[in-house]
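The structure appears below as structure tokens.
The values are calculated or read from the model by the stated rules, or taken from the named source; none is laboratory data. Fair warning: this is a prediction, and the values are worked out from it, not measured in the lab. Note that each Cβ is placed from the backbone with ideal geometry, even for glycine, and that neighbours are counted across all protein chains shown.
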Amino acid sequence: MKSTAKTETFLSSVAVTKDVPPSHLHAFDRYMLMFASPFRHRKFAMCFLLSGVSMYVYSSWAIFLVSFGESVGFTPRMAVYLSSAGGIGGIAGSALAFLQFYFNRMNAVTGCLLPLVINGLSLLISVFSTSYGITLTATCISGFVQGYHYSALCGLMTTLLCQYHLRDGIAMTFLSEGMCYQFGGFFSGIVKDYFGSTNSVFLLNAVLSFAAIPFAVIWTLDKGPVHECYPKNQDSLE
């Protein structure tokens, strides 16, 4: 009976916490509630998912970029130049994102939707191209949009949460990104070993980029404001 009553209390607190402040909940319930609460903000949920996908794609792309160049017939020096081009592009993309935030020109379309489309196409061009110049250009563009995309997500995230959930949401996002970054190389290595080619890694990254587009569209179409939550009413989004 006690266990059932406790479970009902926790579930009701997650749904709408109006009468029971989080400080009065059991420690484990407060811990779980901390993770559930920021996702009441729908646009943050989309951003959280997209940031994890972005970090996974970046990690696997960066790790296998040199080996990808060698596998398609480029010399080791030419393959290293691919990595350099991607890195330079990433820096330039992050700088552009900063300028757009500075001049208040950043939004979900330019910061999320377009980078996913461009990155997916760039990865496909890299895989199917037989020209070193085209592959080098596509790699630079891919690095550019990935650096731009990640910087844009980090900046936009602060506009998708209320002040009460801001710290929890950012901490959760960086935790997710760290996990995706660490597992990016691991799972991509499994893909490479299974299919026997680094092309499969880049193709998977392109598929993930295109698969994330519907979520970016949902975020773009959601024009609702960010509702402020409060400690005693933290999940009530009218």
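Things to note:
- Of the candidates VAL66, VAL57, VAL72, VAL80, the single residue that is at pLDDT 90 or above, closer than 16 Å to ASN199 by Cα, of a type outside the set (Gly, Ala, Ser) and surrounded by fewer than 24 Cβ atoms within 10 Å (Cβ to Cβ) is VAL66.
- Filtered residues of the range 195-219 (kept if buried (at least 16 other Cβ atoms within 10 Å of the Cβ) and closer than 15 Å to PHE44 by Cβ): PHE215, ALA216, TRP219
- Close contacts from the range 172-187, counting a first residue that is of a type outside the set (Phe, Trp, Tyr) and a second that is at pLDDT below 80 and part of a helix (DSSP H, G or I), with Cβ to Cβ under 8 Å and a gap of 6+ residues or different chains, come to MET172/PHE35; MET172/PRO38.
- For the range 114-137, filtered to residues that are without any contact (Cβ under 8 Å) to a residue 60 or more places away in the chain and of a type in the set (Gly, Ala, Ser), the residue that is nearest to VAL201 (Cα to Cα) is SER122.
- Once the range 56-89 is narrowed to residues that are part of a loop (DSSP other than H, G, I, E, B) and in contact (Cβ under 8 Å) with a residue 24 or more places away in the chain, the residue that is farthest from ALA206 (Cα to Cα) is PHE74.
- Of the residues making up the range 188-219, just one is among the small types (Gly, Ala, Ser), over 14 Å from TYR56 (Cβ atoms), assigned to a helix (DSSP H, G or I) and touching a residue at least 60 places away in the same chain (Cβ under 8 Å), namely ALA216.
- Restricting the range 108-164 to residues that are assigned to a helix (DSSP H, G or I) and of a type in the set (Phe, Trp, Tyr) leaves a set whose member that is modelled with the lowest pLDDT is TYR150.
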